[in-house]
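What follows is one structure encoded as structure tokens, with my remarks underneath.
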Amino acid sequence: MAEIVTLVRNRNLLVKASQEGIRTAEARVAQAEALRLGKISVDGSYLRLNDQIAISSPPVHVPLFGGMTLAVPPVVIAPTDLLHVRLEAGLPIFTGGKISNAIGMARAGERASRSLSGDTEAEAILQAERFYLAVLLGREVVRLNERALDVYKQHLADARTAHRLGVAANYDVIRAETAVAEQEKRLTEARNRLEIAQAALRTALDLPEDAAVEISGALFEPPELPPLPEAQAAALKGHPGLEALRQKVEALARAERMEKADYLPQVAAVAGKETVTTKLAQTDPTWFAGVRASWSLFEGGARRARVAEKASEIAQARLELRHAEEQVRLAVRNALLDYESQRSALASARKATELARESLRLATKRFNVGTGTSLEVLDANLALTAAETGVQNSLFQMIVAYLEFHRHAGDISEVALRLGK
């Protein structure tokens, strides 16, 4: 069982997908935390003009020395090659809690993703362990049916010998032959069920279809489960799916606070430097620094509607959480009741096995001395196989119920590792 846990963690596709969800949530946290650090940006442009931009003035006439005309050179405003670069930095000063709540929402989302990943892993482990136990059960049922077939064949040989000696009727031989054929059918069905269980286990572990499944171990009687109140309390505290819903409620509460932050002004400190190509007449770089504020005063009720939307989502998430808690309580109750029912069935099946084994011994002895019938032997053998199969099936159901409880309690991986030692 311990190896199944390791294989599920390393190979199950749904578990791998849930782990990617954690990495996605971590990236969202990093994005939210980056908002506190502000932003630095650079804008640049390059323009190639077909001609320089200049201001031309008419010639100036100077009435000296008989009059002189002086040409005024043009004033260049922009050269043909124009480069503009702007460097600006901004740091939020006051956002009304928008950034802190964005970070809190992202962190709650990350915790929810981790809980959902744990829930996915727990469900995958439960399914894989169930298939593993089904393989153990199927293997044992095949063994019991093979042994039953050997008993039927031995009885058929005894019936034929008794018929030759005149001790048994031909009906006994025909009845034994029919029983052998029916048992061969049951054995084939048991082998098919075993093959299906092995295929399901390979699928759960993402193994190739032709991969050999080497299974060791045997079904066993699991430890006792805690009383119902204690079991339900443990499940409500440890169920990863419930924790994910709690974090969802927290994330939505943070989102509502973010929307309410829009009622407050947003203030940021800004600073920058702006340069233009040195060929321009005014070539000195321009520095600037200051504070930028924005305050949305009226949005036609859209802001109030966004807050109401988030409040409704919170109420919905809380109702989902309450419903999930009730479902977990019910699932724990079912697991404990199944465990108790199968424990009673196990005790009954063990007694039935003792009785059937003794009945088969007596029926075989009576048939061999000529005081019993073939039908008694066949019925006793069938009853023994059914009783022994019942023992194994009860063990299987008990272990599954035990694991189902611990799946809801959130510690199925630890329990499976402990049981596998």
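One residue is enough: does segment 364-378 have a residue meeting the conditions more than 30 Å from LEU225 (Cα to Cα), touching a helix residue (DSSP H, G or I) at 6+ places or on another chain (Cβ under 6 Å) and charged (D, E, K, R)? There is at least one residue in segment 364-378 that is more than 30 Å from LEU225 (Cα to Cα), touching a helix residue (DSSP H, G or I) at 6+ places or on another chain (Cβ under 6 Å) and charged (D, E, K, R).
May I ask you to verify whether VAL142 is assigned to a helix (DSSP H, G or I), farther than 30 Å from ASP43 by Cα, at pLDDT 90 or above and of a type in the set (A, V, I, L, M, F, W, C)? Considered against the rule, which asks whether it is assigned to a helix (DSSP H, G or I), farther than 30 Å from ASP43 by Cα, at pLDDT 90 or above and of a type in the set (A, V, I, L, M, F, W, C), VAL142 comes out as yes.
If the condition is being under 25 Å from GLU274 (Cα atoms) and of a type outside the set (A, V, I, L, M, F, W, C), then segment 37-56 contributes GLY38, LYS39, SER41, ASP43, GLY44, SER45, TYR46, ARG48, ASN50, ASP51, GLN52. A Cβ distance below 7 Å, combined with a sequence gap of six or more or placement on separate chains, defines the contacts here; from segment 34-61, residues that are among the basic types (Lys, Arg) reach residues that are modelled with pLDDT of 90 or more in the pairs ARG36/ILE99; LYS39/GLY90. Considering segment 178-228 alone, what residues qualify as being part of a loop (DSSP other than H, G, I, E, B) and among the aliphatic types (A, V, I, L, M)? Across segment 178-228, the qualifying residues are LEU205, LEU207, ALA211, ALA212, VAL213, ILE215, ALA218, LEU219, LEU225. For first residues located in segment 171-188 and within 14 Å of ASP150 (Cα to Cα), partners that are among the aromatic types (Phe, Trp, Tyr) and surrounded by 13 or more Cβ atoms within 10 Å (Cβ to Cβ) and lie 6+ apart or on another chain with Cβ distances below 8 Å form the pairs ALA176/TYR152; ALA179/TYR152; VAL180/TYR152; GLN183/TYR152. Of all the listed residues (ALA311, ALA253, ALA289), the sole one being in a helix (DSSP H, G or I), among the hydrophobic types (A, V, I, L, M, F, W, C) and surrounded by fewer than 17 Cβ atoms within 10 Å (Cβ to Cβ) is ALA311.
Look at VAL180 and say whether it is surrounded by 21 or more Cβ atoms within 10 Å (Cβ to Cβ) and closer than 26 Å to THR353 by Cα. No; evaluated as a whole, the condition is false for this residue.
Looking at ALA233, ALA190, ALA181, which one is over 27 Å from ALA416 (Cβ atoms) and out of contact with any strand residue (DSSP E or B) (no Cβ under 6 Å at 6 or more places or on another chain)? Of the residues listed, the single one that is over 27 Å from ALA416 (Cβ atoms) and out of contact with any strand residue (DSSP E or B) (no Cβ under 6 Å at 6 or more places or on another chain) is ALA181. Selection over segment 171-221 of residues that are within 30 Å of ALA347 (Cβ to Cβ) and in contact with a Leu (Cβ under 7 Å, 6 or more places away or on another chain) gives a count of 9. For segment 369-421, the tally of residues that are more than 25 Å from ALA331 (Cα to Cα), crowded, with 21+ Cβ neighbours inside 10 Å and of a type outside the set (Gly, Ala, Ser) stands at 6. The residue that is surrounded by the most Cβ atoms within 10 Å (Cβ to Cβ), counting only those in segment 91-105 that are assigned to a helix (DSSP H, G or I) and not hydrophobic (A, V, I, L, M, F, W, C), is ASN101. Within segment 351-363, residues that are under 16 Å from ALA159 (Cα atoms) sit with their Cβ atoms under 7 Å from residues that are buried (at least 18 other Cβ atoms within 10 Å of the Cβ) and modelled with pLDDT of 90 or more, at 6+ positions apart or across chains, in these pairs: LEU360/LEU384.
Against the numbered list (1) modelled with pLDDT of 85 or more; (2) crowded, with 20+ Cβ neighbours inside 10 Å, ALA168 comes up short only at (1). For LEU35, state whether it is in a helix (DSSP H, G or I), within 19 Å of the chain's Cα centre (by Cα) and among the aliphatic types (A, V, I, L, M). Here the answer is no, as LEU35 does not meet what is asked. In a residue-by-residue description of segment 358-366, the property of being of a type in the set (D, E, K, R) and either on the phi > 0 side of the Ramachandran plot or under 42 Å from the mean Cα position of the chain (by Cα) (or both) applies to no position. A residue that is farther than 26 Å from GLU33 by Cβ, in a helix (DSSP H, G or I) and among the polar types (S, T, N, Q) can be found somewhere in segment 106-127.
The values are calculated or read from the model by the stated rules, or taken from the named source; none is laboratory data. Quantities reported herein were computed from a predicted structural model and do not represent experimental measurements. Cβ sites come from the backbone with ideal geometry, for glycine too, and all protein chains shown count toward neighbours.
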